[in-house]
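Reading through the structure tokens given below for one structure.
The values are calculated or read from the model by the stated rules, or taken from the named source; none is laboratory data. Source: prediction; values computed, not measured. Note that each Cβ is placed from the backbone with ideal geometry, even for glycine, and that neighbours are counted across all protein chains shown. Just the protein is used for accessible areas: all its heavy atoms, side chains included, with ligands, DNA and RNA removed. Shrake-Rupley method; radii C 1.70, N 1.55, O 1.52, S 1.80 Å.
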Protein chains: 2
Amino acid sequence: MSIKKIASFLKEVQDITILTHISPDGDALGSSFALCAALEGMGKRAKVVLPEPLPAHFAFMNWKTALYEDGLTAQTLVALDCGDSKRLGAAEPLLEQAETVVMLDHHKAGTPFGDLCFVSPASSATGEIIFDLLSALEIPLTPEIASALYIAISTDTGGFRYSNTTPRTHQIVAKLLELPFDAARVNRFLYDCVPYPKLKLTSLALDALTFFENGKIGVIAVSLDMLRQSGAAPEDTDGLTDYTRIAQGVEIGILLKEKGPEEVKVSLRSNEYADVSAIATAFSGGGHVRASGCVIHAPLAQATEQIVAAAAKILKG
Amino acid sequence: MSIKKIASFLKEVQDITILTHISPDGDALGSSFALCAALEGMGKRAKVVLPEPLPAHFAFMNWKTALYEDGLTAQTLVALDCGDSKRLGAAEPLLEQAETVVMLDHHKAGTPFGDLCFVSPASSATGEIIFDLLSALEIPLTPEIASALYIAISTDTGGFRYSNTTPRTHQIVAKLLELPFDAARVNRFLYDCVPYPKLKLTSLALDALTFFENGKIGVIAVSLDMLRQSGAAPEDTDGLTDYTRIAQGVEIGILLKEKGPEEVKVSLRSNEYADVSAIATAFSGGGHVRASGCVIHAPLAQATEQIVAAAAKILKG
């Protein structure tokens, strides 16, 4: 399916509901609200329907959302940034009610669904695909659309730092920045605005950072007590993985999250050469060479000992 | 002076020494080594002469530098990213010895010097100017040149996040990324690789972060004891300013650095509306609306009290 065919289809319909994946991130939200604004600009009725209230982190954008409970009225559903219909969560059954389902995504591994599908793994973000779709629809960008697409692409490329960032990514962003929106302000809210409990948790985590094997392994073990002490939510631990591998000289970073008395979730990262998927596999987990994970059923201190021993073994051989 | 005229001049000379400012940053170094590699590629003799050894943070690039002590042999000097000849530090007298001095810079406020000057405040980084100069010289980019220019532009725009980032910035970076260098690796070394003492200092600083005026003022006071405890160098405090204003709801961020028993250096930042230059001025300091600084001659606790009181007054109107 070409993006032009999807554009032709969207030109013909009047009423569109946009869905995206659960725990929506910047790409999911930015892509959805950019497309919504563009379709409204064409005089259509469009809305973004989310499984949960807009994450607080994106409140600065004043995006208007509807919730699943409000029901589905549109005959056309567009699912964005969602490689598998299961990732729609509670909205998955809505696919049955729609007359036509359009799916646009950039994830490599997935199970395309719907009537009109376009999957482009070469795109750094679904936001890049929406940019192309709007070009095909011949819709001029507005500051509202440009800022939403900027958020989509910036967040999914780690601020243009990850290896998925391409020349095309920067070409698109160059065009977005031609619109008069305050990109520096957007960046401040995206990257320099952290709720205090999360900041407190980061402080505790940095304090708990320890090293093994001459500083080649960095470990942070987040106890339930640290969550209580900081008032942080379990999802606030997400960004801490980066701190395990940020110290100069670290090759393997390990984040352990205590979930219960005998349940520890482990995230593994490597910087240059170590295969951390081999470590995860030894604990019935999985993943990639540079990022993997597993669950260890043991108290936190014991789980730490076990995973560090396994990581040291990988480093040595 | 046009960039084309400077290109014509450089085509004619054989022996070039490149200088840049003291405490060289990513733009100073990236611009210098990009130009050096390009001139060498043209069969010329070129070298970058620094006032101090290459900062450890850039060691991953394996750039080869000479030091001032090695003496000046070239008749042509090119000074980069240096708005004022004073910023050349100990190298300033070398200007007298050179036959021709070329100056390329992007800083707004400065005192142009030399025989051939090109100052472009619209450029986010001197790296952008070097990109244009190489185009004028009709030199094809190499991975070595592209990675150096990438570092120059990325660091001077805060990873493309500051308001000096323009569409042209992203257009140039799109062209740099067409060369086969590992930009993700460069980004990791630039942004995700911190010496342990600095990380430890960050942990202590986050722990010391306190708030005033209902969370609108964020304060970190770095004592000499914190430096000793962490083993960090005084310059490791530089990045901490960001943490004073990163907590959600903060408008004014204040970093106090104890320098001696009665000497405290203060950095002030604001996020949206507060004029922190007015606070600095009250303590005989200065700066801009969003970033300013001053020195308070008092013990750390007392200086903190005084500056917070002044900031609270500004917030109230």
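Seen from all sides and averaged, what is the projected area of the convex hull of the Cα atoms in region A:30-122, in nm²?
With the hull built on Cα positions only, its mean projection is 6.5 nm².
Under 13 Å Cα-Cα from A:Lys5, which aspartates and glutamates qualify once same-chain neighbours fewer than 8 residues away are excluded?
Answer for A:Lys5, where 13 Å is the Cα cut-off: A:Asp115, A:Asp132, listed by chain and number.
Counting only heavy atoms of the protein chains, get the accessible area per residue of region A:114-241 (1.4 Å probe) and round it to a whole Å² value.
Value for region A:114-241: 38 Å² per residue.
Run the Debye formula on the Cα coordinates of region A:76-208, all scatterers equal and no solvent, and tell me log10 I(q)/I(0) at q = 0.19, 0.21 1/Å.
Cα-only, vacuum Debye calculation for region A:76-208: -1.11, -1.20.
As I understand it, the value is the acute angle between the Cα axis of helix A:167-176 and the longest principal axis of the Cα atoms of chain A; what does it come to in degrees, rounded to 10?
It is inclined by approximately 60 degrees.
Normalised by the residues of chain B, what does the relative contact order come to in percent, with Cα pairs under 8 Å and at least six apart?
12
Give me the tail of P(r) for region A:141-286 as a percent: Cα-Cα pairs with distance above 25 Å.
44
Quick check of the Kirkwood formula: for region B:186-260, what is the inverse mean of 1/r over all pairs of different Cα atoms, in Å?
12.8
Mean 1/r over all different Cα pairs, inverted: what Kirkwood radius does region A:202-304 give, in Å?
The answer is 13.5 Å.
Which entries in the list A:Lys200/A:Lys257; B:Lys257/B:Lys313; B:Lys44/B:Lys86; A:Lys265/B:Lys198; A:Lys259/A:Lys316 go over 24 Å, if you measure between the two C-alpha atoms of each?
Violating the 24 Å Cα-Cα cut-off are B:Lys44/B:Lys86; A:Lys265/B:Lys198; A:Lys259/A:Lys316.
Where the label is 7 Å out from Cα toward Cβ, how close does A:Lys4 come to the same position in every other copy, in nm, shortest first?
Spelled out, the distances from A:Lys4's label point are 3.9 nm.
Kindly provide the chymotrypsin sites (Phe, Trp or Tyr not before Pro) of region B:226-293 that DSSP labels as loop, not H, G, I, E or B, and whose Cβ sees at most 10 other Cβ atoms within 10 Å.
B:Tyr273
Please report the equivalent ellipsoid semi-axes of region A:114-170, computed as sqrt(5 x eigenvalue) of the Cα gyration tensor, largest first, in whole Å.
19, 16, 9
Once every Cα of the protein assembly as shown carries one equal point scatterer and solvent is ignored, give the base-10 log of I(q)/I(0) from the Debye formula at q = 0.11, 0.12 Å⁻¹, two decimals.
Per q value, in the given order, log10 I(q)/I(0) is -1.26, -1.42.
Report the charge-dipole magnitude of chain A in Debye, nearest 20, computed about the Cα centre from +1 at each Lys and Arg Cβ and -1 at each Asp and Glu Cβ.
So the magnitude is around 580 debye.
Take the solvent-accessible surface of the protein heavy atoms, probe 1.4 Å, and return the percent of it on the protein assembly as shown that carbon and sulfur atoms account for.
Roughly 51 percent, rounded to a whole number.
Using all Cα-Cα distances in region A:21-60, what percent lands in each 5 angstrom bin from 0 up to the longest?
In whole percents, the pair-distance histogram is 5, 23, 29, 22, 14, 6.
At the nearest 100 Å², what buried accessible area, both sides summed, do you get for B and A when the probe is 1.4 Å?
3700
Explain nothing, just compute: Karplus ³J(HN,Hα) = 6.51 cos²θ - 1.76 cosθ + 1.60, θ = phi - 60°, for every residue of region A:77-93 in order, whole Hz, x for Gly and Pro.
10, 10, 9, 10, 6, 9, x, 9, 4, 4, 5, 7, x, 5, 8, 3, x
Using alpha carbon centroids, what distance separates region A:126-185 and region B:174-218, in Å?
24
Bin by bin, in steps of 20 Å, what percent of the Cα pairs in chain B do you find, going until the bin that has the longest distance?
With 20 Å bins starting at 0, P(r) equals 30, 52, 18, 0.
Kindly provide the helix-only [θ] at 222 nm of the protein assembly as shown, computed as the sum of -39,500 (n - 2.57) over DSSP H runs of four or more divided by all residues, to the nearest 500 deg cm²/dmol?
-11500 deg cm²/dmol
What residues of region B:205-244 lose no less than 10 Å² of accessible area with every protein chain in place versus their chain by itself (probe 1.4 Å, heavy atoms only)?
B:Leu206, B:Asp207, B:Leu209, B:Phe211, B:Tyr243
How shielded is A:249-261 by partner chains, expressed as the average number of their Cβ atoms within 10 Å of its Cβ atoms?
Other-chain Cβ atoms within 10 Å of each residue's Cβ, averaged: 1.
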